[in-house]
Amino acid sequence: MKSKFVLYFTNTVKIFIIFIVLFCLKSSSSTMEVLSTNENINKSIDLSTMAIYINKEEEQRANEEALQTYLWGSLDSYTGDLTGYGAFCPLCTGRLACMSNLDLSNGRTTYEDTTYGEVRIVASSKNLPCGSIIKFDSKIISEDPVLAIVLDRGVLGNDIDLLSPSEEYAARYVGRSKITYDVLRMGWKK
């Protein structure tokens, strides 16, 4: 009889332990649920404001790309001779055809353009209107591309004459070479 009692007691203890284990598991899963509850469930996200912000960033990026294309995109390309001249060459007056009030007596060879900054001054034929901006590569003049503005006349066709500090400088450092240049702006915008 003692063995039946021990067996009954052992089975009861086992069942009790199983209930305790199940209770603990249930309690721990409830705790886990509580710990993983999203406290922000009642907060809303204004997706339309986020979309407007993203669209403004994309619009700004697109505007910057359009500006860069507008400023640095080539409108046309020409090939001609590049030569140099001094402001007081034998047939020169020391004044520019497109901007006669610009003082060149101090050896000035650049112009401060409101859009492109400091650019070199060149003479061209009337193929390019005054105020046109051109870009060309000439390793004789600079390792970087040269930006120039048309402010003078006196050459034919597609040739370009680069304003130099003197005739001697032009002959020695510019000479005559064949170049291809891009027109970035066709005259001053009104």
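The values are calculated or read from the model by the stated rules, or taken from the named source; none is laboratory data. Quick caveat: nothing in here was measured; it's all calculated off a predicted structure. Ideal geometry is used to build each Cβ from the backbone, glycine not excepted, and the neighbour counts take in all protein chains shown.
For segment 143-162: of the residues being more than 23 Å from the chain's Cα centre (by Cα) and not in a loop (DSSP other than H, G, I, E, B), which is nearest to TYR181 (Cα to Cα)? Among residues in segment 143-162 that are more than 23 Å from the chain's Cα centre (by Cα) and not in a loop (DSSP other than H, G, I, E, B), the one nearest to TYR181 (Cα to Cα) is ILE160. Scanning segment 101-116 for residues that are farther than 14 Å from TRP188 by Cα and of a type outside the set (Lys, Arg) returns ASN101, LEU102, ASP103, LEU104, SER105, ASN106, GLY107, THR109, THR110. Residues that are surrounded by 15 or more Cβ atoms within 10 Å (Cβ to Cβ) and of a type in the set (Val, Ile, Thr) were ranked within segment 163-190; the one that is nearest to the chain's Cα centre (by Cα) is VAL183. Number of residues in segment 163-187 that are closer than 11 Å to LEU82 by Cβ, assigned to a strand (DSSP E or B) and of a type outside the set (A, V, I, L, M, F, W, C) equals 5.
The set of residues from segment 93-137 being free of Cβ contacts under 8 Å to residues at least 40 places away in the same chain and not hydroxyl-bearing (Ser, Thr, Tyr) comprises GLY94, ARG95, ASN101, ASP103, ASN106, ARG108, GLU112, ASP113, GLY117, GLU118, VAL119, LYS126. Considering segment 148-173, and only residues there that are at pLDDT 90 or above and polar (S, T, N, Q), the residue that is nearest to TYR111 (Cα to Cα) turns out to be SER164.
Counting only residues that are closer than 23 Å to PHE88 by Cβ, out of contact with any Asp or Glu (no Cβ under 6 Å at 6 or more places or on another chain) and charged (D, E, K, R), segment 138-175 holds 6 of them.
Residues checked against (1) at pLDDT 85 or above; (2) over 28 Å from TYR173 (Cβ atoms):
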site: TYR53; (1), (2): no, yes
site: ALA66; (1), (2): no, yes
site: TRP72; (1), (2): no, no
site: ALA87; (1), (2): no, no
site: ASP103; (1), (2): no, no
site: THR110; (1), (2): yes, no
site: ARG120; (1), (2): yes, no
site: ILE133; (1), (2): yes, no
